[in-house]
Structure formats: structure tokens, C-alpha cells
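K.L.:
One structure, as C-alpha cells, below. Some questions next.
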Amino acid sequence: MKTERTFLGVPIVKPKVGFFDLSSCEGCQLQMLNNEASLLDFLSLVEIVNFREGMKEKSDDYDIAFVEGSVTRADEEERLKIIRRNAGVVVALGSCACFGGVNQLKNRFNDLEWVKRQVYGDFPIETQEAKPISAFVKVDLEIYGCPIKKEEVEKIVTKLVLGQEITHPNYPVCMECKANENVCLFDLGEPCLGPVTRAGCDSWCPSNRMGCWGCRGPAPAANLKQLEKIAEQKNISKERLLDRLECFGGFGEAAREMRTKVEGGR
Amino acid sequence: MIFKVFQAGEMETLFGLLSVNRIVGPVEKGRDVDGKPLYDFDVVYDFKDLKLDYGQTIHSAKNYFLPYRENLCTFTFDNGDWQKEVDFGADRAHVFFGLHSCDINALNKLDKVLMGNIYPNPFYGAKRSNMFIVGYSCTPTPSCFCHSMGTDSVLHGFDLFLTRMGDEYFAEVQSARAYHILERMETREPTHEDHLHFRKTTSKKRSLFTCEVDTSDLTKILDMEFESEVWEKWGDKCLSCGTCANVCPTCYCYGVEEEVNMDFSHARKVKQLYSCNLVDFAEVAGGHNFRPESSTRLKYRYYHKHRGFVEAYEESLCVGCGRCGNACLADITVPEVIASVREGEK
Ligand code: SF4
Ligand code: SF4
Ligand code: SF4
Ligand code: SF4
């Protein structure tokens, strides 16, 4: 029996949600289960009807679909379209779903057949270019991160259920990093994508003395030209910078342009 | 003002006397690639960790009186009823040990903005009145330009100000609290010699500045150069990252966000320090952005510090601490920006 909840006197409907995974490590879904302290609260907010990582039952009756992973096979394309038909709201969960994620690294190779042979040897599987889910269906909301930050998802889902506006920070990671009073990685001789990457992770990596890899994709005012200059000035090679810019797919076109410039300059 | 002199060795006694409260002071946070120490303010438990001869810290100490994030109020919902709880966050006193004159002047400026108007900010005020400040005379670093901003000495807003003179400290005593603490240490009255020594020390300090900002007629010049193309040049470099505002001792702009607990039992209004360089700083309801270009945003940061504030308070909101320039990855520094605006004068 669902007991009806209210907030400020207004009845709040408990939406049915499903978690789905395409090509991914399922780490984002695992994040959702990770913090037992708040799991029960999360379950009081939504009714989970589909969650392979956490339950056996399955249902096609859901309002919100959280889709983790990128599309790398034709059958995933089909599954995704069915999910889109079933759900009122489709949420791209994590950087694979938003940008292609680590999976899209293979797109850099011109010969996908060669990639397949290298990776799978005598056990070839069907695989195509890794793409974000927005390449196939309309996406209503993107939640960035590799992995996603559970606290952020909880905040977003609460707003979704309450019908409040959902906004992402438009400033880069540096803003959070400075508020955490970290020593800047550049001062320590390390590269960091913090100046160009969208915040929201509370500067997860720099707070642990690791430079940002840009998993949340570009901040709206990302100044990549200046970042290139900074790296040059600090003797950080273009290749090291590109390693990071290409890693999660968020910097897509800009990273490809920089790559072309680097290879062309050789 | 009352002056005292004490032996350098007594400094640890002073630290001990003050350590009944939480002491915040400069500590070493690590070393940069060139082996240069990096300093920041932190809670100090051991006198040995207090690095009084720090050049400049990366951040100001503002997190202790103007936190980057702060709960403005908490709502509790219960059975159709609700309650509001406000906590000014001044649960304990802080001793600031080793603030330079720039940072104490910064506090005095914040006082004017946050406490000197008809709606004083109780969150700031509660913390501000719950602090004890030991000022410490500095040696200018290559990026310090406080002498240009008139903040290389400080006249009020502290309890005690210490200047190293050989093996001794010259103490300026501003408060009764400080006076009574010094009574518990070994001090002596300064002689005329000491006064001269003090004046020589401060004039020596003044001669050590290598960085300068010409502030004469600056408000007018900024008005004349509103359309100058130099703003584009700096805007092209700017990362819109907000680092300059976060490290600045006088930047106080903020945004407020509401958060509801997942079980709907509580909600909070949370304040977060913001920066005028961030892309959506001037975005209003409906989505219009009054300053979509980084050059305009950067320009307005300078206009607030060096023009608007000066017209309102007859002093600049910049104390010349150099932190924003040190921390800016794009190498945007106040002296260079102002010099570029004034270019062609000489
Ligand atoms: S460590 Fe990275 S995120 Fe932090 S301030 Fe430096 S560049 Fe920005
Ligand atoms: S610091 Fe960068 S790489 Fe690390 S979690 Fe945040 S956005 Fe991702
Ligand atoms: S001036 Fe420098 S520190 Fe400030 S927002 Fe621009 S790049 Fe960041
Ligand atoms: S604007 Fe820069 S130099 Fe001036 S007070 Fe702020 S951080 Fe210091």
C-alpha cells in the first residue's frame, strides 16, 4: 500500500522508476546502492520497479527511466527506443550515457574491425561506434560524472519528484576546488581539467590531490584555448592534455580538433 | 595606542595563552614544483606549525567569517506544521594569529559593507565579534601592492599587532583583552630608541615593494576606458573560473539555494559564495544574461573593486594582497590589468 506523502500540504506522487544499463561498467548504478545510510530515504522517494543491480523483479510500467551506458550495439539501440516509449522522463545517468564515456575512446580508431580483433580475438561480437543515448532518443535530463555523485543524484531526484527546477552548476571545478582550499595541481606540476570542466562533483579528484580528467564534460564557458596555453607554459605536453580531454567524450569536437592539430603538426 | 616590547622567545608564551581558544594561522600546505613552500590559513595546534614568516597565503582567511558554504536556515516539517531554525554559526571564538595588514584592512572593509548598513549581516557579525586578531608585520612579496592601495599599515580592527625588530617584537595594543594578555607575559615599555627602530623597520618595509598600481584618478579613468579593447584582451584569457573571487579577502558575493531532504522532513537555505566572473552571474529569471561575455564580467569585477566601491566608500575594495593574480591560471593580475587600462598616459 502506498501511503500518500505531502510536502507543504501538497500531495506528492511517488514515481515508478527503472534503472537500465547499456554498455557500461554499471558503476553509476552501484553508486546509487553504495550509501546504505540514505538508501531507505531514496526508496521512500521513488518506487523502483526495475534495477538489475539491486533486485530480481522487472516491470515495463515506469515513469522515469535512468539509463546508464552508451550505445555500442544495434540491440541496445532497440532497447533504448523501447525504454523511451515506456518512460515519461528519460535520464542519461553518468558520462557514458551523456557523452559516450570511456567506451567512445574506441571511436578514435579508423578501423573498427581491427579494434574488434585486438579486443575479442577469436570471440568476435557485434559492436559499433559508441554513442551517447541522445544520438538515438530524446533525453530529458543529463546527470554527469564517471561515476555519478550519489548525493547529487539524490538532490536531483528530490527536485524531480517535487517538480522543482533542476539546474547544474555552470561554473567549472576550480570554483569548488578553491572553496575546498586545495593546493592547485598545476602548482604541483600536474595537469588538471578543472578550469574547463563542469562542476558538481565537489572537486572530487583535486581534493584527493589528483588532477581532474573532465568526466563531467565542458563547463558552458570552457576556455580550452587558454587551457592549451596554460599547459604549454607549464611544460605539460599536448598529448597529456588530450589524454584527458578525450577520455570521457564530453569535449568531443574540441578534443578532435586539438588531436587533428597535434597529428597534423607532426 | 599602547605600545609594548617583548623578547622573540615570548611569542610561544603568547601562543600558549591564546590557545585556550581555537587558533587559526598560516601553515605550510606543501611545496610547489620549484620547491617553494605554499601557505594557507588553517587551525594550528602546535606553535611549531605556525609559519609567521609566510609571504602570502593562497587563500584569505575568509572561510572562518564568510564561509564558502553556509546554512542560512533550516526548516523542520512535522504533521502539517513547520519550524524555522537560524544558526549564525558562531559557536566558538577564533584567534587569528599572524594576519597581515592587508587582511585586517579587508576585514575593516567587509565590516562597512556587511555591518555598516541598515540590514547588518548577523552571520558575519556574530563571527566577527567573536574573534581575537594578532596582526603580524610582513615582508612584501613580488606580487604585493598594498602600499598602492593604502593598506600596508592598519590602524584598527585588530587586538594586537606585532612587528619583528631584531630579537624582539614591537607590539601595538588595540584592545583591553590584548592588554590583559600581555600582562601575563614578560614585556617592557618601549624606549625612544624602540620607537625609532620601529619607524626604521616600517620605512624599510615600504622600500621593499616591487609591484605597483597607479590609483590616481582611477575611477574617472575607468569610466573613460569603459569601451577600451583591453577588456577583450583580458576576457579572451579569462577562464570564468571564479578562483580570483574565492581567494580574495574582500569578495563577498553569493547565491542562495534551497534543498529539501529526501524524506521531506527538513529543508535548508544554503548560501554559497559566488563570483562575478562566472558565466551565469548576471543571468536573471527568464534566462536573459546581462553579461554573457567573459570580458564584460571581468571588467565589472574591476569596476566594482576600483570604481563603484571607491565612489561609495572613498576607498578601494581591493587591498592589494596579490592573491587573485597569484592564483589565476591565466595570469590575470590587478597591476597588469590596471596598467593596461592606463596605457598611453606616460
Ligand atoms: S587543482 Fe584543478 S580544479 Fe583545482 S584550482 Fe587547480 S586547476 Fe582548478
Ligand atoms: S574532478 Fe573532474 S574527473 Fe574528478 S570527478 Fe570531478 S569532474 Fe570528474
Ligand atoms: S581572472 Fe583568472 S582567476 Fe578570475 S575568473 Fe578569470 S581566469 Fe579565473
Ligand atoms: S582583488 Fe586581488 S589583490 Fe585585490 S584584494 Fe582581492 S585578491 Fe587581493
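Rule-based calculations on the coordinates, nothing more; no lab input. From a predicted model like this one, the values you see are computed outputs, not experimental measurements. Cβ sites come from the backbone with ideal geometry, for glycine too, and all protein chains shown count toward neighbours.
K.L.:
Can you confirm whether B:Lys269 is more than 12 Å from chain A (Cβ to nearest Cβ), assigned to a strand (DSSP E or B) and not hydroxyl-bearing (Ser, Thr, Tyr)? Reasoning before the result, please.
P.N.:
Working: more than 12 Å from chain A (Cβ to nearest Cβ): yes; assigned to a strand (DSSP E or B): yes; not hydroxyl-bearing (Ser, Thr, Tyr): yes.
The answer is yes for B:Lys269.
K.L.:
If you scan the stretch A:195-212, which residues turn out to be within 11 Å of ligand 1 (Cβ to nearest atom), within 18 Å of A:Phe99 (Cα to Cα) and not polar (S, T, N, Q)?
P.N.:
Listed by number, the residues that qualify are A:Val196, A:Ala199, A:Cys201, A:Cys212.
K.L.:
Ok, one more. Name the residue that is surrounded by the most Cβ atoms within 10 Å (Cβ to Cβ), counting only residues in the stretch B:184-225 that are among the hydrophobic types (A, V, I, L, M, F, W, C) and in a helix (DSSP H, G or I). Show your work before the answer.
P.N.:
The first filter runs over the stretch B:184-225 and keeps only residues among the hydrophobic types (A, V, I, L, M, F, W, C), leaving B:185, B:196, B:198, B:208-209, B:211, B:213, B:218, B:221-222, B:224.
After this cut, where a residue has to be in a helix (DSSP H, G or I) as well, the list is B:196, B:198, B:218, B:221-222, B:224.
Values: B:Leu196: 11, B:Phe198: 18, B:Leu218: 18, B:Ile221: 18, B:Leu222: 20, B:Met224: 10.
Among those that are among the hydrophobic types (A, V, I, L, M, F, W, C) and in a helix (DSSP H, G or I), it is B:Leu222.
K.L.:
Which residues, taken from the stretch A:185-205, are more than 7 Å from chain B (Cβ to nearest Cβ) and more than 20 Å from A:Leu242 (Cβ to Cβ)?
P.N.:
If the condition is that a residue be more than 7 Å from chain B (Cβ to nearest Cβ) and more than 20 Å from A:Leu242 (Cβ to Cβ), then A:Ala199, A:Gly200, A:Cys201, A:Asp202, A:Ser203, A:Trp204 are the ones that fit.
K.L.:
Starting from residues that are of a type in the set (Gly, Ala, Ser) and outside any loop (DSSP other than H, G, I, E, B), keep the ones in the stretch B:286-306 and report whichever is farthest from the other protein chains (Cβ to nearest Cβ).
P.N.:
Here the residue is B:Ser295.
K.L.:
Another question, if that's okay. Restricting attention to the stretch B:235-266, report how many residues are over 17 Å from the mean Cα position of the chain (by Cα), in a loop (DSSP other than H, G, I, E, B), away from ligand 1 (no atom under 15 Å from the Cβ) and touching a residue at least 24 places away in the same chain (Cβ under 8 Å).
P.N.:
Of the residues in that region, 2 qualify.
K.L.:
Does A:Asn180 satisfy the condition of being within 11 Å of chain B (Cβ to nearest Cβ), surrounded by fewer than 18 Cβ atoms within 10 Å (Cβ to Cβ) and either away from ligand 3 (no atom under 14 Å from the Cβ) or without any contact (Cβ under 8 Å) to a residue 40 or more places away in the chain (or both)?
P.N.:
yes
K.L.:
Here is a follow-up. Please work out if B:Phe281 is in contact (Cβ under 8 Å) with a residue 12 or more places away in the chain, under 30 Å from A:Leu45 (Cβ atoms), within 14 Å of chain A (Cβ to nearest Cβ) and not in a strand (DSSP E or B).
P.N.:
Numbers: in contact (Cβ under 8 Å) with a residue 12 or more places away in the chain: yes; under 30 Å from A:Leu45 (Cβ atoms): no; within 14 Å of chain A (Cβ to nearest Cβ): yes; not in a strand (DSSP E or B): yes.
For B:Phe281, the condition - in contact (Cβ under 8 Å) with a residue 12 or more places away in the chain, under 30 Å from A:Leu45 (Cβ atoms), within 14 Å of chain A (Cβ to nearest Cβ) and not in a strand (DSSP E or B) - is not met.
K.L.:
All but one of (1) within 28 Å of B:Glu70 (Cβ to Cβ); (2) away from ligand 2 (no atom under 16 Å from the Cβ); (3) in contact (Cβ under 8 Å) with a residue 12 or more places away in the chain hold for B:Leu329; state the number of the condition that does not hold.
P.N.:
For B:Leu329, the failing item is (2).
K.L.:
Moving on to the next point. Looking at B:Arg268, B:Arg301, B:Arg199, B:Arg291, which one is of a type outside the set (Phe, Trp, Tyr), out of contact with any Asp or Glu (no Cβ under 8 Å at 6 or more places or on another chain) and farther than 24 Å from B:Ser148 by Cα?
P.N.:
On the way: B:Arg268 fails: out of contact with any Asp or Glu (no Cβ under 8 Å at 6 or more places or on another chain); B:Arg301 fails: farther than 24 Å from B:Ser148 by Cα; B:Arg199 fails: farther than 24 Å from B:Ser148 by Cα.
Result of the check over B:Arg268, B:Arg301, B:Arg199, B:Arg291: B:Arg291.
K.L.:
Among the residues of the stretch A:212-232, are any closer than 23 Å to A:Tyr144 by Cβ, touching a residue at least 24 places away in the same chain (Cβ under 8 Å), among the basic types (Lys, Arg) and within 11 Å of chain B (Cβ to nearest Cβ)?
P.N.:
no
K.L.:
Would you check if A:Cys247 is under 19 Å from the mean Cα position of the chain (by Cα), more than 10 Å from chain B (Cβ to nearest Cβ) and buried (at least 23 other Cβ atoms within 10 Å of the Cβ)? Don't jump to the end; show me each part of the working.
P.N.:
Values: under 19 Å from the mean Cα position of the chain (by Cα): yes; more than 10 Å from chain B (Cβ to nearest Cβ): yes; buried (at least 23 other Cβ atoms within 10 Å of the Cβ): no.
So A:Cys247 does not fit the description; no.
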